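Asks: Before I ask anything, here is the structure I am working with.
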Amino acid sequence: MQTIENAYICGKLNILVKKFIQNTIQSQKIFYRYFRRKGLKRFFKENVLESDGSNETKAKSIALGFFIGLSPFWGFHSFLAITLSVYFKLNKLLTFMSSQVTFPPLIPLIIFLSMMVGAPFVANTANLQDQAFDLEFIKNNLTQYIIGSFILSISCSLIFGFISYFILEKFNSSPKK
(Lines give C-alpha, C1' and ligand atoms only; values in the text may rest on other atoms or scores of the structure.)
Protein backbone atom coordinates (compact mmCIF):
# COMPACT_ATOMS: atom_id res chain seq x y z
CA MET A 1 0.00 0.00 0.00
CA GLN A 2 2.87 2.35 0.86
CA THR A 3 4.52 1.89 -2.56
CA ILE A 4 1.27 2.70 -4.36
CA GLU A 5 0.99 5.95 -2.40
CA ASN A 6 4.64 6.79 -3.11
CA ALA A 7 4.14 6.10 -6.81
CA TYR A 8 1.03 8.30 -6.82
CA ILE A 9 2.89 11.13 -5.04
CA CYS A 10 5.86 10.81 -7.40
CA GLY A 11 3.51 10.89 -10.40
CA LYS A 12 1.79 14.05 -9.13
CA LEU A 13 5.15 15.62 -8.32
CA ASN A 14 6.40 14.79 -11.81
CA ILE A 15 3.34 16.48 -13.38
CA LEU A 16 3.82 19.57 -11.18
CA VAL A 17 7.51 19.82 -12.08
CA LYS A 18 6.71 19.54 -15.80
CA LYS A 19 4.07 22.30 -15.56
CA PHE A 20 6.45 24.47 -13.55
CA ILE A 21 9.19 24.08 -16.15
CA GLN A 22 6.77 24.85 -19.00
CA ASN A 23 5.44 27.99 -17.25
CA THR A 24 8.93 29.18 -16.39
CA ILE A 25 10.19 28.73 -19.93
CA GLN A 26 7.09 30.45 -21.37
CA SER A 27 7.44 33.55 -19.18
CA GLN A 28 11.17 33.70 -19.93
CA LYS A 29 10.49 33.49 -23.69
CA ILE A 30 8.06 36.43 -23.55
CA PHE A 31 10.54 38.55 -21.60
CA TYR A 32 13.42 37.53 -23.89
CA ARG A 33 11.47 38.48 -27.06
CA TYR A 34 10.56 41.86 -25.57
CA PHE A 35 14.14 42.48 -24.45
CA ARG A 36 15.67 41.31 -27.74
CA ARG A 37 13.35 43.49 -29.81
CA LYS A 38 14.48 46.65 -28.01
CA GLY A 39 18.16 45.93 -27.50
CA LEU A 40 20.09 46.45 -24.28
CA LYS A 41 20.79 50.19 -24.56
CA ARG A 42 17.29 51.14 -25.66
CA PHE A 43 15.67 48.83 -23.10
CA PHE A 44 17.80 50.26 -20.26
CA LYS A 45 17.20 53.86 -21.37
CA GLU A 46 13.44 53.60 -21.87
CA ASN A 47 12.49 51.26 -19.05
CA VAL A 48 14.98 52.13 -16.34
CA LEU A 49 16.38 55.64 -16.74
CA GLU A 50 13.37 57.37 -18.31
CA SER A 51 10.60 55.46 -16.53
CA ASP A 52 8.37 57.21 -14.04
CA GLY A 53 9.34 57.15 -10.40
CA SER A 54 12.25 58.18 -8.30
CA ASN A 55 15.55 56.36 -8.16
CA GLU A 56 14.55 55.09 -4.74
CA THR A 57 11.37 53.52 -6.16
CA LYS A 58 13.32 51.94 -9.01
CA ALA A 59 15.91 50.51 -6.60
CA LYS A 60 13.16 49.15 -4.36
CA SER A 61 11.55 47.55 -7.42
CA ILE A 62 14.81 45.84 -8.36
CA ALA A 63 15.40 44.70 -4.76
CA LEU A 64 11.87 43.27 -4.53
CA GLY A 65 12.39 41.43 -7.82
CA PHE A 66 15.63 39.87 -6.61
CA PHE A 67 13.99 38.87 -3.33
CA ILE A 68 11.12 37.17 -5.12
CA GLY A 69 13.36 35.61 -7.76
CA LEU A 70 15.66 33.97 -5.21
CA SER A 71 12.94 32.99 -2.74
CA PRO A 72 11.69 29.39 -2.57
CA PHE A 73 8.30 30.24 -4.11
CA TRP A 74 9.03 28.25 -7.29
CA GLY A 75 6.31 28.67 -9.88
CA PHE A 76 4.89 31.84 -8.34
CA HIS A 77 7.71 34.30 -9.08
CA SER A 78 5.97 36.16 -11.91
CA PHE A 79 2.64 36.29 -10.09
CA LEU A 80 4.24 37.50 -6.85
CA ALA A 81 6.41 40.06 -8.63
CA ILE A 82 3.48 41.75 -10.38
CA THR A 83 1.13 41.48 -7.39
CA LEU A 84 3.58 42.85 -4.83
CA SER A 85 4.80 45.63 -7.12
CA VAL A 86 1.20 46.79 -7.56
CA TYR A 87 0.57 46.54 -3.82
CA PHE A 88 3.70 48.51 -2.90
CA LYS A 89 3.23 50.94 -5.85
CA LEU A 90 6.59 50.06 -7.43
CA ASN A 91 7.72 49.77 -11.04
CA LYS A 92 6.10 46.58 -12.31
CA LEU A 93 8.45 46.05 -15.25
CA LEU A 94 11.61 46.45 -13.17
CA THR A 95 10.26 44.13 -10.50
CA PHE A 96 9.29 41.49 -13.05
CA MET A 97 12.57 41.88 -14.95
CA SER A 98 14.71 41.46 -11.85
CA SER A 99 12.66 38.51 -10.59
CA GLN A 100 13.73 36.54 -13.66
CA VAL A 101 17.15 35.73 -12.19
CA THR A 102 16.06 32.11 -11.88
CA PHE A 103 16.38 31.14 -15.51
CA PRO A 104 17.24 27.46 -16.03
CA PRO A 105 21.06 27.59 -16.26
CA LEU A 106 21.26 29.38 -12.89
CA ILE A 107 18.78 27.22 -10.96
CA PRO A 108 21.35 24.60 -9.85
CA LEU A 109 23.68 27.36 -8.67
CA ILE A 110 20.89 29.08 -6.74
CA ILE A 111 19.86 25.81 -5.08
CA PHE A 112 23.48 25.02 -4.21
CA LEU A 113 24.07 28.49 -2.74
CA SER A 114 20.83 28.24 -0.76
CA MET A 115 21.91 24.90 0.66
CA MET A 116 25.35 26.27 1.58
CA VAL A 117 23.93 29.43 3.19
CA GLY A 118 21.34 27.44 5.15
CA ALA A 119 23.81 24.85 6.44
CA PRO A 120 24.97 26.76 9.56
CA PHE A 121 21.36 27.26 10.70
CA VAL A 122 20.20 23.63 10.88
CA ALA A 123 21.38 20.73 13.01
CA ASN A 124 21.66 18.12 10.24
CA THR A 125 23.61 19.68 7.41
CA ALA A 126 23.66 17.90 4.08
CA ASN A 127 26.88 16.61 2.60
CA LEU A 128 26.64 17.68 -1.03
CA GLN A 129 29.53 15.57 -2.31
CA ASP A 130 28.51 12.41 -4.18
CA GLN A 131 24.87 13.03 -3.32
CA ALA A 132 21.92 11.95 -5.44
CA PHE A 133 19.27 14.67 -5.60
CA ASP A 134 16.18 12.49 -5.25
CA LEU A 135 12.91 12.85 -3.35
CA GLU A 136 14.46 11.47 -0.15
CA PHE A 137 17.29 14.04 -0.24
CA ILE A 138 14.76 16.84 -0.72
CA LYS A 139 12.60 15.65 2.19
CA ASN A 140 15.60 15.38 4.50
CA ASN A 141 17.06 18.79 3.65
CA LEU A 142 14.04 20.97 2.89
CA THR A 143 14.48 23.07 6.03
CA GLN A 144 18.10 23.80 5.18
CA TYR A 145 17.14 24.86 1.64
CA ILE A 146 14.25 27.10 2.73
CA ILE A 147 16.26 28.87 5.45
CA GLY A 148 19.23 29.32 3.12
CA SER A 149 16.99 30.51 0.31
CA PHE A 150 15.41 33.23 2.43
CA ILE A 151 18.78 34.39 3.76
CA LEU A 152 20.22 34.41 0.23
CA SER A 153 17.22 36.28 -1.19
CA ILE A 154 17.26 38.91 1.56
CA SER A 155 21.00 39.52 1.30
CA CYS A 156 21.04 39.62 -2.52
CA SER A 157 18.02 41.93 -2.63
CA LEU A 158 19.73 44.35 -0.24
CA ILE A 159 23.00 44.22 -2.18
CA PHE A 160 21.43 44.64 -5.62
CA GLY A 161 18.97 47.25 -4.32
CA PHE A 162 21.80 49.45 -3.02
CA ILE A 163 23.94 48.86 -6.11
CA SER A 164 21.09 49.77 -8.44
CA TYR A 165 20.29 52.88 -6.38
CA PHE A 166 23.87 54.15 -6.62
CA ILE A 167 24.05 53.35 -10.34
CA LEU A 168 20.76 55.15 -10.98
CA GLU A 169 21.93 58.14 -8.94
CA LYS A 170 25.11 58.31 -11.00
CA PHE A 171 23.52 57.96 -14.45
CA ASN A 172 20.12 59.57 -13.90
CA SER A 173 20.92 62.58 -11.80
CA SER A 174 20.04 66.02 -13.12
CA PRO A 175 22.96 68.37 -13.73
CA LYS A 176 23.82 70.42 -10.65
CA LYS A 177 24.06 74.17 -11.00
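The values are calculated or read from the model by the stated rules, or taken from the named source; none is laboratory data. As the structure is a prediction and not an experimental result, all values here were calculated from the model. Ideal geometry is used to build each Cβ from the backbone, glycine not excepted, and the neighbour counts take in all protein chains shown. Please note that ligands, DNA and RNA were not included when accessible areas were found on the heavy atoms of the full protein model with its side chains. Shrake-Rupley method; radii C 1.70, N 1.55, O 1.52, S 1.80 Å.
Asks: Can you tally the net charge around ALA81? Count Lys and Arg as +1, Asp and Glu as -1, for every other residue whose Cβ sits under 15 Å from the Cβ of ALA81.
Replies: That sum, taken over residues with Cβ under 15 Å, equals +4.
Asks: Using a probe radius of 1.4 Å on heavy atoms only, what accessible surface per residue do you get for segment 86-177? Whole Å² is fine.
Replies: Dividing the accessible area of segment 86-177 by its residue count gives 68 Å².
Asks: Greater than 27 Å separation of Cα atoms is the criterion. Which listed pairs, LYS89/LYS139; LYS60/LYS170; LYS92/LYS170, meet it?
Replies: LYS89/LYS139
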